[in-house]
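Visitor: This structure is in structure tokens; I'll ask about it shortly.
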Amino acid sequence: MSSAAALKARKYLVAASASARARAAYRGDFLGSVIAYCLFVFVFSRVWRSAYAARPSIAGYDYAMSLWYFVVAEIPYFGSSGHFRELAGDIKSGQVAYLVARPYGFVGYRFAQAAGSSLVAVLPILGAGAALGGLVAGPPPLGSAAQAALLAASLALALALQILLQLALALTAFWVEENSAFLWIYQKLALVAGTLLPLEFLPETASRIARWTPFPALAYAPARILVAFAPGPSLRLLGAQAAWCAAAWILCLALYGRGRRRLVSQGG
Amino acid sequence: MGAISARGLSKTFSAKVKPEGLAASLRSLVKPERRLVEAVRGVSFEVERGEAVAFLGPNGAGKSTTIKMLTGILHPSGGRAEVLGLDPSRRRVELARSIGAVFGQKSQLWFHLPPSDSFRLLGAVYELDRRAFEARRDELAERFGIRDYLDVPVRKLSLGERIRCEIAASLLHSPAALFLDEPTIGLDVVAKREVRALLEELRADEGTTIFLTSHDIGDIEKVCKRAIVIHHGAVVVDESMKDLKHRSLAKKLVGVKYARPTAIELPGLEPVKRTADAARFEVDTRAHRIEELLRALVELGEVEDLTVEDESLESVIAAIYEDGAGRKE
Amino acid sequence: MDLSIRGRARAYATFLGASFSANLKSVLEYRANFLLQVFGMMLNNAAFALFWGILIDRTGGIGGYSFEDVMVVWALVSTAFGLAHVVAGNVRSLGDIAVRGELDVYLLQPKDAFVNVLCSRTVVSAWGDFLYGYLVLCLLPGLSAGRLLLFSLLAAEGALVFAAAFAAAECLAFFLGNSRSLSEALHEFLLSFSLYPEKVFDPGMRWAFYTILPSGFIAFVPLAAFKAMDWGLVPILFLVAAAYMAASYALFRAGLRRYESGNQMGTRL
């Protein structure tokens, strides 16, 4: 890498590490999200135990699979809160006018910041999930180093997609004042399409439609890679995640480009 | 009859000492280390009904703590307070009916609602009957010139308009005493002048006792007849504004500028600032006669400009603060 | 001034009425936002309804709850939770208010600080929760005036227990200083446990639902009362709610004494 390019890349790394450290300073802040996550996992472990009391398997999932699925599927969601509100807030308050003038790629910079802070937030959740999952469902179904690597990559991509979609939704604040409605609809669809329940649980048609949306890439993919690893399908899931990330990135760039032009022409 | 009285009022907080480092933090969970902080130590003063008193002191002197004890929010750890014949710490709710409070930083108006709605709510809080409430509201709206804003949400008002509404709100129940903590903070010159005029008018017309803290000397000069200065939790000055101003007359600031460079030498007086052709002196009028000084300056060379100013009240008070600091232990 | 009990009661009723109407107006200042939040909350609840529908379709019932039971519990809890936040909007910010020293404003007014501070705000999205319960009730078969009345009474009782429990958790701030995470965790626990069938939880922890995390009096007993149309349980439940309120109030008074002493509250001199 030439030194100019290295300098260019460096500012994104610095942004990521600065926001990571800022996040780490507010320990009480993510203690709350860890507690909420653990509570959720615990309650669902009781629900699943009750559901599996009378039958060994539902839609091809046994108790341990369902539980580990849930443990993983919730991680990207709990690890990525707040990015929408931050950016949407900056746009609505007009703060963004000062930010666009700086010498960096805006989308890349915001993504780096969000990723840095999410990385810090997600680690304790990951630890808590592993411990709690082991406690209520036995050891995780991790068979090989390859599976572990794919799982890690898939979780990273799920987190990245969460951030990118939140940023894209937040960028609509250039046009729509009350755009939190978009976030809600997005979150609830994600909840139903693979976060609370594996896709296989949905009715046939719903499940087939859901597979064509980005929602499975947010939760289903990493969870499925953990509980039902098979090289071919798992790689396909990973590929789909990467494709959705690329699409979301392009969407962010397009929204930002248009929004910025609007900002310049209308002065915010 | 006395409106506010403090006798040996004191307040000691016990603050937890936040230790550095993880091990010390853990230890402090089990056995927290505490440190006693004497915020107010034996403050005594009397305020008559209808008096307007400025309560001054540098940041951290114990002003807010004292006001909180006088209004019943904080309970004193020693001494006695009496406001309108009531002990604030025992009879806060009763006292609340006859005092008003404006804390510049804490609003009692609803941010998203027009003041008229907050007024109505306050009418219910103070149990005013409807007719009396409406008459009082209209009277205040007239006097404070806020009639046009009564139906505009508070968030759309300027700070000056908001503060006027804020003060009007605290007067709905016709309190006999009004406590104001930094009422003009952040206001522009015109808005400040308006608020001061209103307070002065209120005292004259309704005989409201006014107890005001401010860092703005203008507030104090325009509104108050007396100043109580506290420092490190104790009263260091309690005198009329007139006497306070007299202190400022004791020192004159003399500036002189000559048409060409001049050796500015006066026997027994060093300038505080000197350039080749100009100088500035601080003159203690008890030690030097001002007319002799001026004559001496004129004799030194061709004078282009000569100014004589009283020391500002602001520097008088600053000197009291600094002095008080020296007297601390 | 009228100092009789009736006079006092009337003064408080006027005050609460004025407070509520100010709340409502303040919400309507942002009509679009209001509708959006209401709609958003309903959507959130509907997503969970979908989840339960799918799960119960697959299993035939969870922890003894049929799909209709789940819907009734969600309706009850949602309306009770909403009502608590609509009327007493500060019920989950009391601790922050105390820590920031903003209790002063309420202490300077001649009304009980507990009632005054709790009721001086409304939570916009809570209106969505409040309405959602009634929406569900209307969609369930067998709607009648009696069911509507019983539902409203049970939800009101649940709202009292919610408010008492939330406020009590917030009062920890008086004693611990910044207790945000702990208070919030208690809020989450109470809400979550109320929304799932009692029987899925281990018998060893169910005592908590009738003591420190009173989901039993918000969801489980009211559900039984509603299903059996058992009006006799209503006064008993209200007595329990009153006891929770009294305990919460006592905790607040104890906390207030610390506030008045000026210690523990981050000591702002």
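The values are calculated or read from the model by the stated rules, or taken from the named source; none is laboratory data. Please read all numbers here as calculations on a predicted model, not as lab measurements. Virtual Cβ from ideal backbone geometry, glycine too; neighbours counted across all protein chains shown. Heads up: the accessible areas ignore ligands, DNA and RNA and are worked out on the full protein's heavy atoms, side chains in. Shrake-Rupley method; radii C 1.70, N 1.55, O 1.52, S 1.80 Å.
Visitor: Here are some conditions: (1) open to solvent by 20 Å² or more (accessible area, probe 1.4 Å); (2) at negative phi. A:Val41 meets all but one. Which one does it not meet?
Guide: The failed condition is (1).
Visitor: Another question, if that's okay. Among A:Phe201, A:Phe229, which is the only one that is over 20 Å from A:Ala247 (Cβ atoms) and in contact with a strand residue (DSSP E or B) (Cβ under 8 Å, 6 or more places away or on another chain)?
Guide: Residue meeting the stated conditions: A:Phe201.
Visitor: Moving on to the next point. Considering (1) assigned to a helix (DSSP H, G or I); (2) over 23 Å from the mean Cα position of the chain (by Cα); (3) away from chain C (no Cβ under 12 Å), say which one A:Arg23 fails and leave the rest.
Guide: If we test A:Arg23 against (1) assigned to a helix (DSSP H, G or I); (2) over 23 Å from the mean Cα position of the chain (by Cα); (3) away from chain C (no Cβ under 12 Å), just (2) comes out false.
Visitor: Just checking, which of B:Val47, B:Val40 is open to solvent by less than 10 Å² (accessible area, probe 1.4 Å) and within 14 Å of chain C (Cβ to nearest Cβ)?
Guide: B:Val40
Visitor: Give the residue, chosen from B:Asp138, B:Asp151, that is surrounded by fewer than 23 Cβ atoms within 10 Å (Cβ to Cβ) and either away from every other protein chain (no Cβ under 13 Å) or assigned to a helix (DSSP H, G or I) (or both).
Guide: The unique qualifying residue is B:Asp138.
Visitor: Can you confirm whether C:Leu35 is more than 17 Å from C:Val87 (Cα to Cα), away from chain B (no Cβ under 11 Å) and open to solvent by less than 60 Å² (accessible area, probe 1.4 Å)?
Guide: No: the conditions fail for C:Leu35.
Visitor: For region C:23-32, which positions are within 8 Å of another protein chain (Cβ to nearest Cβ), in contact (Cβ under 8 Å) with a residue 24 or more places away in the chain and either part of a helix (DSSP H, G or I) or buried (at least 16 other Cβ atoms within 10 Å of the Cβ) (or both)?
Guide: Of everything in region C:23-32, just one residue is within 8 Å of another protein chain (Cβ to nearest Cβ), in contact (Cβ under 8 Å) with a residue 24 or more places away in the chain and either part of a helix (DSSP H, G or I) or buried (at least 16 other Cβ atoms within 10 Å of the Cβ) (or both), namely C:Ser26.
Visitor: For region C:211-232, state whether one or more residues are among the hydroxyl-bearing types (Ser, Thr, Tyr), within 14 Å of chain A (Cβ to nearest Cβ) and open to solvent by less than 20 Å² (accessible area, probe 1.4 Å).
Guide: Yes, region C:211-232 contains at least one residue that is among the hydroxyl-bearing types (Ser, Thr, Tyr), within 14 Å of chain A (Cβ to nearest Cβ) and open to solvent by less than 20 Å² (accessible area, probe 1.4 Å).
Visitor: Just checking, which of C:Leu182, C:Leu153, C:Leu149 is open to solvent by 10 Å² or more (accessible area, probe 1.4 Å), more than 14 Å from chain A (Cβ to nearest Cβ) and in contact (Cβ under 8 Å) with a residue 12 or more places away in the chain?
Guide: C:Leu153
Visitor: Hey, among A:Ala88, A:Ala73, A:Ala15, which residue is within 14 Å of chain C (Cβ to nearest Cβ), out of contact with any Pro (no Cβ under 9 Å at 6 or more places or on another chain), open to solvent by less than 20 Å² (accessible area, probe 1.4 Å) and in contact (Cβ under 8 Å) with a residue 12 or more places away in the chain?
Guide: A:Ala88
Visitor: Then there is this: Of a type in the set (Gly, Ala, Ser), modelled with pLDDT under 90, under 23 Å from the mean Cα position of the chain (by Cα) and within 17 Å of B:Ala176 (Cβ to Cβ): which single residue out of B:Gly2, B:Gly72 fits that description?
Guide: None of the others qualify; the one that does is B:Gly2.
Visitor: For region B:86-105, how many residues meet the condition of being over 19 Å from C:Glu102 (Cα atoms) and in contact (Cβ under 8 Å) with a residue 60 or more places away in the chain?
Guide: Result for region B:86-105: 2.
Visitor: On the basis of being surrounded by fewer than 18 Cβ atoms within 10 Å (Cβ to Cβ), within 28 Å of A:Pro140 (Cα to Cα) and not β-branched (Val, Ile, Thr), does A:Gly232 make the cut?
Guide: yes
Visitor: In region C:80-91, is there at least one residue being more than 14 Å from chain B (Cβ to nearest Cβ), closer than 20 Å to C:Leu256 by Cα and of a type outside the set (S, T, N, Q)?
Guide: yes
Visitor: Separate question: Count, please, the residues in region B:99-137 that happen to be touching a helix residue (DSSP H, G or I) at 6+ places or on another chain (Cβ under 6 Å) and of a type in the set (Asp, Glu).
Guide: Summing the residues that are touching a helix residue (DSSP H, G or I) at 6+ places or on another chain (Cβ under 6 Å) and of a type in the set (Asp, Glu) in region B:99-137 gives 2.
Visitor: Another question, if that's okay. Here is a check on your reading of the model: is B:Glu291 in contact (Cβ under 8 Å) with a residue 12 or more places away in the chain, open to solvent by 60 Å² or more (accessible area, probe 1.4 Å) and not aliphatic (A, V, I, L, M)?
Guide: no
Visitor: So B:Ala191 clears everything in (1) within 24 Å of B:Ser118 (Cα to Cα); (2) surrounded by 20 or more Cβ atoms within 10 Å (Cβ to Cβ); (3) touching a Gly at 6+ places or on another chain (Cβ under 8 Å) except one condition, right? Which one?
Guide: (2)
Visitor: I'd like to know if region A:106-123 contains one or more residues that are in contact (Cβ under 8 Å) with a residue 24 or more places away in the chain, assigned to a helix (DSSP H, G or I) and within 13 Å of chain C (Cβ to nearest Cβ).
Guide: no
Visitor: Failed condition for C:Glu260, given (1) farther than 23 Å from C:Gly133 by Cβ; (2) away from every other protein chain (no Cβ under 14 Å), with all others met?
Guide: The single condition C:Glu260 does not satisfy is (2).
Visitor: Of all residues in region C:94-115, how many are in contact (Cβ under 8 Å) with a residue 60 or more places away in the chain and open to solvent by less than 20 Å² (accessible area, probe 1.4 Å)?
Guide: Summing the residues that are in contact (Cβ under 8 Å) with a residue 60 or more places away in the chain and open to solvent by less than 20 Å² (accessible area, probe 1.4 Å) in region C:94-115 gives 8.
Visitor: Hey, another quick one. Scan region B:87-126 residue by residue and report those that are outside any helix (DSSP H, G or I), modelled with pLDDT of 90 or more, open to solvent by less than 60 Å² (accessible area, probe 1.4 Å) and of a type outside the set (S, T, N, Q).
Guide: If the condition is that a residue be outside any helix (DSSP H, G or I), modelled with pLDDT of 90 or more, open to solvent by less than 60 Å² (accessible area, probe 1.4 Å) and of a type outside the set (S, T, N, Q), then B:Asp87, B:Pro88, B:Arg97, B:Ile99, B:Gly100, B:Ala101, B:Pro114, B:Tyr126 are the ones that fit.
Visitor: If I ask for residues that are more than 9 Å from chain C (Cβ to nearest Cβ) and over 23 Å from the mean Cα position of the chain (by Cα), which ones from region B:80-115 would you list?
Guide: B:Gly85, B:Leu86, B:Asp87, B:Arg90, B:Arg91, B:Pro115
Visitor: Would you check if there is a residue in region A:169-191 being more than 30 Å from C:Met41 (Cα to Cα) and open to solvent by 20 Å² or more (accessible area, probe 1.4 Å)?
Guide: So far as region A:169-191 goes, no, none of its residues is more than 30 Å from C:Met41 (Cα to Cα) and open to solvent by 20 Å² or more (accessible area, probe 1.4 Å).
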